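*Asks:* Dropping the structure in here first, questions after.
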Amino acid sequence: MSYAIEVTSLRKSFGDHEVVKGIDLHVKKGELFALLGPNGAGKTTTIHMLSTLLAPDGGTVLIAGYDIVKNAQAVRKKISLTGQFAALDEGLTGLQNLILIGRLFDYSAREARTKASELLDTFGLSDAMDRMVENYSGGMRRRLDIAASVLTQPELIFLDEPTTGLDPQSRQQV
Ligand SMILES: Nc1ncnc2c1ncn2[C@@H]1O[C@H](COP(=O)(O)OP(=O)(O)OP(=O)(O)O)[C@@H](O)[C@H]1O
Ligand SMILES: [Mg+2]
């Protein structure tokens, strides 16, 4: 069995506050896995370690077979992360934000534009695509942020509270 995520005895503390206390989990390729817990349980901290943004204190994590510490670059090529707080360029339009991501991943200008337009349509943002993101509502930002994370078709997508702030209809869509 090849796993998308293999976590063994993962640990993390901030000072003497032990936040992640030895997690073990296995996620198969193609599986949709939800990690639930109350506020402050360590979900975001765990996602940050799994996506190579934060170094673990102990344990091992393999993402698509690559070790997050020894092979962070290879891991980053396989994943995308939509963090708990939207990471968009406020001074660009929705369309420009998606084109930017496509171009950073070496899509041609034409490919990036086509992909961006398709996703704006899928996420119900076509009418707003030429407006600056600074003028987007919270839910619109969230949808654009998720669209950005699927634009490059990564093998593995991390979504930290992807439906927070979305109306029921948008939640359903996501
Ligand atoms: N950089 C940091 N320095 C110190 N403490 C931190 C840091 N990051 C997180 N923490 C603490 O670690 C604990 C877990 O935080 P984390 O953000 O992982 O929780 P969470 O499960 O994502 O919560 P929420 O549901 O509110 O998003 C909290 O007590 C938090 O204050
Ligand atoms: Mg969190």
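*Asks:* In the range 20-35, which residues are within 14 Å of residue 59 (Cα to Cα) and within 13 Å of ligand 2 (Cβ to nearest atom)?
*Replies:* 20, the sole residue that qualifies.
*Asks:* Right, something else. Could you check, for the range 87-98, whether at least one of its residues is within 16 Å of ligand 2 (Cβ to nearest atom) and under 25 Å from residue 121 (Cβ atoms)?
*Replies:* Yes, the range 87-98 has at least one match.
*Asks:* Looking at (1) within 16 Å of ligand 2 (Cβ to nearest atom); (2) surrounded by 14 or more Cβ atoms within 10 Å (Cβ to Cβ), can you tell me which one residue 38 breaks?
*Replies:* Condition not satisfied by residue 38: (2).
*Asks:* So, in the range 1-39, exactly how many residues are over 13 Å from residue 160 (Cα atoms) and either charged (D, E, K, R) or within 10 Å of ligand 1 (Cβ to nearest atom) (or both)? Explain how you work it out, then say what you get.
*Replies:* So the first thing to find is which residues in the range 1-39 are over 13 Å from residue 160 (Cα atoms), and the list is 1-32, 38.
Checking which are either charged (D, E, K, R) or within 10 Å of ligand 1 (Cβ to nearest atom) (or both) leaves us with 6, 11-21, 24, 28-29, 31, 38.
The number of residues fulfilling the criteria is 17.
*Asks:* Take residue 171 and tell me if it is in a helix (DSSP H, G or I) and within 16 Å of ligand 2 (Cβ to nearest atom).
*Replies:* For residue 171, the condition - in a helix (DSSP H, G or I) and within 16 Å of ligand 2 (Cβ to nearest atom) - is not met.
Residue-wise test of (1) surrounded by 13 or more Cβ atoms within 10 Å (Cβ to Cβ); (2) touching a residue at least 12 places away in the same chain (Cβ under 8 Å); (3) on the phi > 0 side of the Ramachandran plot.
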position: 42; (1), (2), (3): yes, yes, yes
position: 65; (1), (2), (3): yes, yes, yes
position: 70; (1), (2), (3): no, no, no
position: 76; (1), (2), (3): yes, yes, no
position: 80; (1), (2), (3): yes, yes, no
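*Asks:* Among the candidates 82, 114, which residue alone is of a type outside the set (A, V, I, L, M, F, W, C), more than 28 Å from residue 31 (Cβ to Cβ) and not assigned by TED's automatic domain parsing to the domain that holds residue 7?
*Replies:* Just one listed residue meets the conditions, 114.
*Asks:* Sticking with this structure for a sec: Report yes if some residue within the range 149-168 is within 16 Å of the chain's Cα centre (by Cα) and part of a helix (DSSP H, G or I); otherwise report no.
*Replies:* The answer is yes, given that some residue of the range 149-168 is within 16 Å of the chain's Cα centre (by Cα) and part of a helix (DSSP H, G or I).
*Asks:* Quick one: which of 165, 124 is touching a Lys or Arg at 6+ places or on another chain (Cβ under 6 Å), modelled with pLDDT under 95 and not assigned by TED's automatic domain parsing to the domain that holds residue 37?
*Replies:* Sole residue among the options that is touching a Lys or Arg at 6+ places or on another chain (Cβ under 6 Å), modelled with pLDDT under 95 and not assigned by TED's automatic domain parsing to the domain that holds residue 37: 165.
The values are calculated or read from the model by the stated rules, or taken from the named source; none is laboratory data. Since this is a predicted model, take the numbers as computed values, not measurements. All Cβ positions, glycine included, derive from the backbone under ideal geometry; neighbour counts span all protein chains shown.
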